[in-house]
């Protein structure tokens, strides 16, 4: 009968001190970047909890999987390096998968070892039927090894805002695809209406969405452009809260109803005889977690450019 042996270490009472667990920690730390913290308490006032978040470490909130929130407070130190402290001040990386109920860390194994008839876990558990193998490491009794669980452990989840940032980083957000009239290669005249618009798409206007997921938590971020400020190259600017209206010949010499400009001087003295028009798009990013939590990330800006050639009407006597 196949048996998944105990991956335990000589008893030393602390998760971080086992040489054989170092590889597992390195794998977990690579999968979940420093800065995620999973259990609460202050570094010097948390005798009732196992892992204390070092002061200055971002992302120290979460849920234990049962709907209750994890708590955290700062200790006297201040590193902000993504480390957590055990109760004796020994530091470990802030790992995912901590279960405060049994004071153990769990990580779903990938790939999964063989299961079914003839295969057991470290405790000899039958692995037939629904379930999965987890790598287990415990703080209190130094237990470590491969266990078979029919339901996922109720582990402390990462800060959803951290997952929201990961989702944001998956997006492609660009500056405006600028449309204008009469266009960059055609001259306009001082005082004539210039129409400006954004040829909208998911990457130039939105909505643009992406999702980041860990076991037990999913966060979807949504980005939308809320305004575009056009710096017209002559010292003036216009801010538009819509994508603008594309110009049609039937509009004649009318002004744009929502995003337009009129030049008051010519561009002949500029490089290449044109003004450089710079559009700065402001992207608003909101997020929603599978737990019902939600929030907003700092706005992102993107820039793009076009040109405008402006002349002056010559009057012939």
- Item | Qualifying residue in the stretch 150-164 (condition: closer than 23 Å to residue 281 by Cα and modelled with pLDDT of 90 or more) | yes
- Task: Select from the stretch 290-317 the residues that are within 37 Å of the chain's Cα centre (by Cα), in a loop (DSSP other than H, G, I, E, B) and touching a residue at least 12 places away in the same chain (Cβ under 8 Å) and list them in ascending order.
- Result: 290, 291, 293
- On the given criteria, is residue 235 in contact (Cβ under 8 Å) with a residue 60 or more places away in the chain, farther than 13 Å from residue 280 by Cβ and in a loop (DSSP other than H, G, I, E, B)? no
- Screening 283, 287, 195, 205 for residues that are touching a helix residue (DSSP H, G or I) at 6+ places or on another chain (Cβ under 7 Å) and either modelled with pLDDT of 95 or more or in a loop (DSSP other than H, G, I, E, B) (or both) leaves only 287
- Candidates 274, 268, 306, 245 - the one that is modelled with pLDDT under 95 and more than 28 Å from residue 219 (Cβ to Cβ): 268
- Message: Looking at the stretch 292-301 only, could you name the residues that are in contact with a strand residue (DSSP E or B) (Cβ under 6 Å, 6 or more places away or on another chain) and surrounded by 17 or more Cβ atoms within 10 Å (Cβ to Cβ)?
- Response: 297
- Message: Step by step: first the residues of the stretch 206-215, then only those that are over 17 Å from residue 279 (Cβ atoms) and in contact with a strand residue (DSSP E or B) (Cβ under 8 Å, 6 or more places away or on another chain), then the one that is surrounded by the fewest Cβ atoms within 10 Å (Cβ to Cβ). Which residue is that?
- Response: 207
- Task: Any residue in the stretch 109-125 that's farther than 14 Å from residue 145 by Cα: show its pairings with residues that are buried (at least 17 other Cβ atoms within 10 Å of the Cβ) at Cβ separation under 8 Å, as long as the two are six or more apart or on different chains.
- Result: 115/127; 115/131; 115/133; 115/148; 116/127; 119/4; 119/127
- Item | Residue among 90, 146 that alone is modelled with pLDDT under 85, more than 26 Å from the chain's Cα centre (by Cα) and farther than 26 Å from residue 289 by Cα | 90
- Note on the structure: Among the residues of the stretch 208-232, the number that are under 27 Å from residue 267 (Cα atoms) and assigned to a loop (DSSP other than H, G, I, E, B) is 1
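Yes or no, residue by residue, for (1) surrounded by fewer than 18 Cβ atoms within 10 Å (Cβ to Cβ); (2) in contact with a strand residue (DSSP E or B) (Cβ under 6 Å, 6 or more places away or on another chain):
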residue: 260; (1), (2): no, yes
residue: 264; (1), (2): yes, no
residue: 267; (1), (2): no, yes
residue: 271; (1), (2): yes, no
residue: 283; (1), (2): no, yes
residue: 287; (1), (2): no, yes
residue: 303; (1), (2): yes, yes
residue: 306; (1), (2): no, yes
residue: 310; (1), (2): no, yes
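The values are calculated or read from the model by the stated rules, or taken from the named source; none is laboratory data. Just so it is clear, the model here is predicted, and its values are computed rather than measured. In this analysis, Cβ positions are derived from the backbone assuming ideal geometry, glycine residues included, and neighbour counts consider all displayed protein chains.
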